[in-house]
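Please read the structure below before turning to the comments.
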Amino acid sequence: MYNLLKGKKGIIFGALNENSIAWKTAQRAHEEGAEFVLTNAPASIRMGQLDVLAKKTGSQIIPADATSVEDLENLVEKSMEILGGKIDFVLHSIGMSVNVRKNKPYTDPNYDYTTKGWNVSAVSFHKVLNVLYHKKAMKDWGSIVALTYMAAQRVFPDYNDMADNKAYLESIARSFGYYFGRDFKVRVNTISQSPTPTTAGNGVKGFDGFINFSEKMSPLGNASAADCADYTISLFSDLTKKVTLQNLFHDGGFSNMGVSDAVMDKFE
Ligand code: NAI
């Protein structure tokens with residue numbers, strides 16, 4: 001451990017169970033000396049094991065539906081009270097498509113589901129940023145990260161409307177990131193992570209084939225949830241102060257590959 005986050009205070013969204021990327025990030029942040037508040041939607045807190053993580057990391061839990069500005073305002077105010085000041089880092093690790101859950105194909109969605117999934121997966125990030133911005137809750141040189149996937153740039157048919165949600169999310173990071181940089185010296189980035197076996201990941205149709213393909217295509221192999229946590233910690237640390245408005249691929253090299261020997265072998 002390097003004490004990279006010693007004295008830093010944060011808010012971590014989206015730890016459902018020990019497979020969650022946010023769970024691993026919370027563990028690593030704790031090891032690096034950070035103090036933080038854990039949050040998730042009330043139903044997810046009831047279903048998941050967030051209290052176990054809270055105990056392990058000495059953190060408090062504040063429930064918040066990330067689509068509710070009122071819940072987010074309460075979350076940010078209470079977090080500053082609990083942590084005794086402004087926030088250094090925030091992780092948005094939230095995603096859900098109702099069309100995927102209900103097996104609606106991309107070509108024939110239910111548009112109420114489309115709107116709900118977009119609100120949870122993309123607009124929630126705008127709302128989080130909005131509340132942090134207007135409450136002047138971020139400390140100077142703080143860091144905000146959201147998680148995304150490469151289907152925002154390239155076609156992965158089974159990723160369904162999450163591809164569109166991720167494109168929107170990445171755009172919000174750039175657009176709102178400008179104001180955070182200008183006004184508070186705060187950086188806003190997205191990490192585009194390899195397929196990862198979590199509750200959300202396993203919800204994608206054909207996920208096993210998908211993760212194996214990606215493993216064979218990537219020169220370094222897929223990045224795990226623990227790898228993603230490490231990378232996120234670097235973005236929360238003071239070692240990356242001038243990195244902002246970026247979509248950062250964390251995928252073992254997958255995003256720049258055309259084809260690999262291992263994949264070609266299957267076709268020869
Ligand atoms: P996960 O299922 O453990 O986490 C998703 C979280 O979103 C859950 O904790 C869930 O409770 C939360 N959530 C859903 N609706 C919410 C709401 N209304 N308010 C607050 N929280 C809500 O899965 P994972 O994989 O750790 O997902 C984290 C992030 O990583 C997501 O943005 C996902 O799209 C992204 N990602 C995941 C990949 C994967 O293959 N698993 C690949 C690339 C990105």
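Worth a mention:
- Selection within region 8-32 - more than 9 Å from the ligand (Cβ to nearest atom) and touching a Gly at 6+ places or on another chain (Cβ under 7 Å): K9, A29
- Qualifying helices (runs of 4 or more DSSP H) (wholly inside region 158-247; at least 1 residues being surrounded by fewer than 18 Cβ atoms within 10 Å (Cβ to Cβ) and free of Cβ contacts under 8 Å to residues at least 40 places away in the same chain): 162-184, 199-202, 207-217
- When the criteria are applied in full, S255 fails the requirement of being within 30 Å of D140 (Cβ to Cβ) and either in contact (Cβ under 8 Å) with a residue 24 or more places away in the chain or not in a strand (DSSP E or B) (or both).
- Positions within region 70-98 being within 12 Å of the ligand (Cβ to nearest atom) and either touching a helix residue (DSSP H, G or I) at 6+ places or on another chain (Cβ under 7 Å) or among the small types (G, A, S) (or both), in sequence order: L72, L91, H92, S93, I94, G95, M96, S97, V98
- Extreme residue, farthest from L239 (Cα to Cα), among residues of region 124-157 that are aromatic (F, W, Y) and part of a loop (DSSP other than H, G, I, E, B): F156
Quick grid of which residues meet (1) at positive phi; (2) part of a loop (DSSP other than H, G, I, E, B); (3) under 17 Å from the mean Cα position of the chain (by Cα):
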{"residue": "S44", "(1), (2), (3)": "no, no, yes"}
{"residue": "L72", "(1), (2), (3)": "no, no, yes"}
{"residue": "L75", "(1), (2), (3)": "no, no, no"}
{"residue": "M80", "(1), (2), (3)": "no, no, no"}
{"residue": "K104", "(1), (2), (3)": "no, yes, no"}
{"residue": "P109", "(1), (2), (3)": "no, yes, no"}
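- Exactly one residue among E81, E31 is over 23 Å from T198 (Cβ atoms) and out of contact with any strand residue (DSSP E or B) (no Cβ under 8 Å at 6 or more places or on another chain), and that residue is E81.
Condition check ((1) at pLDDT 95 or above; (2) within 12 Å of the ligand (Cβ to nearest atom); (3) over 24 Å from E31 (Cβ atoms)) across all residues:
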site: F176; (1), (2), (3): yes, no, yes
site: V188; (1), (2), (3): yes, no, yes
site: G206; (1), (2), (3): no, no, yes
site: S218; (1), (2), (3): yes, no, yes
site: A225; (1), (2), (3): yes, yes, no
site: L239; (1), (2), (3): yes, no, no
site: G252; (1), (2), (3): yes, no, no
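- Remark: L53 falls outside the filter, which requires a residue to be part of a helix (DSSP H, G or I), within 16 Å of the ligand (Cβ to nearest atom), in contact with a helix residue (DSSP H, G or I) (Cβ under 9 Å, 6 or more places away or on another chain) and farther than 30 Å from K205 by Cα.
The values are calculated or read from the model by the stated rules, or taken from the named source; none is laboratory data. Quantities reported herein were computed from a predicted structural model and do not represent experimental measurements. All Cβ positions, even for glycine, are placed from backbone atoms using ideal geometry, and neighbour counts span all protein chains on display.
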